[in-house]
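Student: Below you'll find the structure I mean.
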């Protein structure tokens, strides 16, 4: 069975020993997994002709209202998992880039986001919904 592959990009933003997370509103692909929204890193789909790095910067801004800039051209982490869309399995790969903040809270988060939080490691670890995201969190905080 062939399954579609979906690519996305997002940001890992550390600020004063805290990490920026978003609480996503429930959408079709996650319905049934959660009663309400779930916490993760800001991320989203690549637009046509958009590089993963540019998509990551745009998505962080749209989802959090934080203007950011990638620290490096290469992703700091990659996450691969499977979701269902219209009842069909889709393999999803997300590239995460480490970002620095240019301006905080320059606009309201978009409609897909329930809440944003800038939290220390332990709180982030408890909030994150997926084990893969927790592994990325450990990696990011252990590199210092």
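Student: Look through segment 54-69, keep the residues that are in contact with a strand residue (DSSP E or B) (Cβ under 6 Å, 6 or more places away or on another chain) and surrounded by fewer than 19 Cβ atoms within 10 Å (Cβ to Cβ), and return whichever of them is nearest to residue 106 (Cα to Cα).
Tutor: The residue in question is 67.
Student: Test residue 14 against the criterion of being at pLDDT 90 or above, part of a strand (DSSP E or B) and crowded, with 20+ Cβ neighbours inside 10 Å, and give yes or no.
Tutor: no
Student: Also: Among the residues of segment 75-95, is any more than 16 Å from the chain's Cα centre (by Cα) and closer than 19 Å to residue 18 by Cα?
Tutor: No.
Student: Give me the residue from segment 99-140 that is closer than 22 Å to residue 75 by Cβ and without any contact (Cβ under 8 Å) to a residue 24 or more places away in the chain and, out of that set, surrounded by the fewest Cβ atoms within 10 Å (Cβ to Cβ).
Tutor: Here the residue is 131.
The values are calculated or read from the model by the stated rules, or taken from the named source; none is laboratory data. Everything numeric here is computed off the predicted structure, so don't read it as measured data. Cβ: placed from backbone, ideal geometry, glycine included. Neighbour counts: every protein chain shown.
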